[in-house]
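Derivation of every value follows stated rules applied to the coordinates shown; laboratory data play no part. Keep in mind that what you see is a predicted model, and the values were worked out from it rather than measured. Cβ atoms come from the backbone with ideal geometry, glycine included; neighbour counts cover every protein chain shown.
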Amino acid sequence: MTERFKMFIGRSINIFNILEVVKLNALTFFLLLAFLLLLSTNLFADQGCLEANQLVKQGAALADGSEREIEFYLKATELCPRMAESRYNLGLIYLKKKKYSDARESFSKALNLRPDPDFKVALAMVALAEGDLAGALEQYENILKENPTELKAVLGKGEVLWKQERLAELVELFEKYKAGSDQAAQLIKANLAFVYERQGKLSQGLALLEEANRGLTGGDFDLDVGRLLYKLGRFGEAATVLVGVAKKELPAGFNNYLYAVALLKAAKYQQADVVLRMIKVRDNRYSESDLLLARLLALVGQNKFSEALGLLGEQSFDGGDKRESSQSVAIDLARGAILIKLGEIEQAKKVFEKTLLREPANAIANNNLAIAHFYSGRFDDGIKLLLESLRFSPDNFEIRSNLAAARSSAR
């Protein structure tokens, strides 16, 4: 077996492509400006309202949506019926708990006591949360007619347009309001970046996200900057950004997973392996099979083939949905390629043959089975399979290289 033959076996392991495990999901698009819990600045004439003001402060200090916080606001409302703040804060809690009728009632009572734009925006938020897009849009537009600079209403209207897939109007809206240095303006820039990402304008989106991130102090959009760097193929830069995000959340799931993926793309396998081993938490943005495939790539990249095979064990992911089925095929291809590296050629053949029963047109399975045949000295059978692979993937450079090397070795 010549060294040249080993080289294209190595290439085949690259093209079964564990890297394709990484499917970045769009994160939550819209970041509504967090309403500050309002505290009364008025000095009320009666003792009841003074006591109520203190109760609202105590409730706002909790800010956990607990029954205790609710009790503070209810007691404040009882002591001072003309206090709007307690009703507004109650509404925020009910909205978070999806008690929309109670939230609407609380916000309406607050608005009757004082015509504050925040209370009007809050009522529109209830309509939006209930799925009444037309009603929410009408309310946001009415707010903007009264106060064209109310950026919270701009953000709310933007979310409605997003849900209605009216992206051109959304870009026009956010472009108009993105100037400024306050928090709302930064959120508008960031959300405009997400619209550009949706439209495939990744570089424009990245520039806006980086600008928004500089305007905020907590690195609020580091994760999204890392995502876009990754999607633009700037893997080393993505890993540099994402390491900071991961450190904030160790040993949690997605941030570390995304950081590890960027390291894999940058061929920093040992570092990726360390990060992947730390992940203890799962979430719906990646599956168990995603994590397994990422760990396999980290081990394969370090030539730790026995450990990789041990990690696979007897695991199989034959999920019913299309994505899990695809992952199951990727795991089988990985298993077969690792077996080839360990010299277990006959076992590898069985794995690839099983894959081809499920997906006869899978070019990678045909290619890797061909290579298993080459190791067994069955060049004619292997070459037939490579020609079949080219029928399914005619522009695949790796398969063409394997075919040329096989024909040379067979002479």
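Based on other C-beta atoms within 10 Å, arrange 119, 235 from fewest to most.
So the ranking, lowest neighbour count to highest, is 235, 119.
Checking the a/c ratio against 1.5 first, then a/b against b/c, what shape does the Cα gyration tensor give for the stretch 55-135?
Here the stretch 55-135 falls in the oblate category.
Which of 217, 355, 77 has the fewest other C-beta atoms within 10 Å, and how do the rest follow up to the most?
Lowest to highest Cβ neighbour count: 217, 77, 355.
I need the shape label for the stretch 321-411. Rule: rounded when a/c is under 1.5, else prolate if a/b > b/c, else oblate, with a, b, c from the alpha carbon gyration tensor.
Oblate is the answer for the stretch 321-411, as a/c is 1.5 or above yet b/c matches or exceeds a/b.
Counting other C-beta atoms within 10 Å, which of 261, 274, 160 has the fewest, and how do the rest follow?
Exposure proxy ranking, most exposed first: 274, 160, 261.
So, in nm, how far is label residue 347 from label residue 100 when the simple model puts each one 7 Å beyond its Cα toward the Cβ?
Distance between label points: 5.6 nm.
Sticking with the crude label model, points 7 Å out along Cα→Cβ, report the distance from residue 172 to residue 112 in nm, one decimal please.
About 3.9 nm, to one decimal.
At 0.36 nm per residue, minus the direct Cα-Cα distance, what do residue 201 and residue 132 gain on full extension? Give it in nm, one decimal, please.
21.9 nm
On average over all directions, what projected area in square nanometres does the stretch 137-224 have, based on the convex hull of its Cα atoms?
5.4 nm²
What full-extension length gain, to one decimal in nm, is calculated for residue 270 and residue 387 as 0.36 nm per residue of separation minus the Cα-Cα distance?
Between residue 270 and residue 387, full extension yields an extra 38.5 nm.
Rounded to the nearest 0.05, what FRET efficiency is calculated for residue 376 and residue 231 with R0 set to 41 Å and r the Cβ-Cβ distance?
Calculated value: 0.50.
Does the stretch 63-216 come out rounded, prolate or oblate by the C-alpha gyration tensor, with a ≥ b ≥ c the root eigenvalues, rounded set by a/c under 1.5 and, if not, prolate when a/b is larger than b/c and oblate if not?
Note, shape of the stretch 63-216 comes out prolate.
Using 7 Å Cα-to-Cβ label points, what is the residue 181/residue 64 separation (nm, one decimal)?
So the two model labels end up 3.7 nm from each other.
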